[in-house]
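The values are calculated or read from the model by the stated rules, or taken from the named source; none is laboratory data. All values reported here derive from a predicted model rather than from experimental measurement. Here the Cβ is made from the backbone with ideal geometry for all residues, glycine too, and neighbour counts use every protein chain on show.
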Amino acid sequence: MFLLFGIGTKRKPLGAGGVRTCPRCHNTTQWTRMRQFRQFSVFFVPLMRWKRQEFEMCGICGTAVTT
Ligand SMILES: [Zn+2]
């Protein structure tokens, strides 16, 4: 029997975040607010989600800061 399953990390943009100065690229821009979680799925149907966290991401270099 062929069973297709996998564990992945999903990221979902929640909209505009705050205006921050990035610690890595030192640009002051509006960051994007993101939600990330680990997901276990079988046949592309998500069965379990855990380790959910929200963070903001620099639009220039991609540095993430948990808030
Ligand atoms: Zn940056």
Task: segment 9-21, subset over 16 Å from THR66 (Cβ atoms) and modelled with pLDDT of 95 or more, residue surrounded by the fewest Cβ atoms within 10 Å (Cβ to Cβ) - done: GLY15
Task: Enumeration of residues in segment 22-33 that are outside any loop (DSSP other than H, G, I, E, B) and surrounded by 11 or more Cβ atoms within 10 Å (Cβ to Cβ) - done: THR29, GLN30, TRP31, THR32, ARG33
Open item on the list: Checking the conditions here, which among ALA64, ALA16 is at negative phi and within 15 Å of the ligand (Cβ to nearest atom)?
Closed with: ALA64
TODO: Name the single residue, out of those in segment 34-61 being surrounded by 16 or more Cβ atoms within 10 Å (Cβ to Cβ) and in a strand (DSSP E or B), that is farthest from the ligand (Cβ to nearest atom).
DONE: SER41
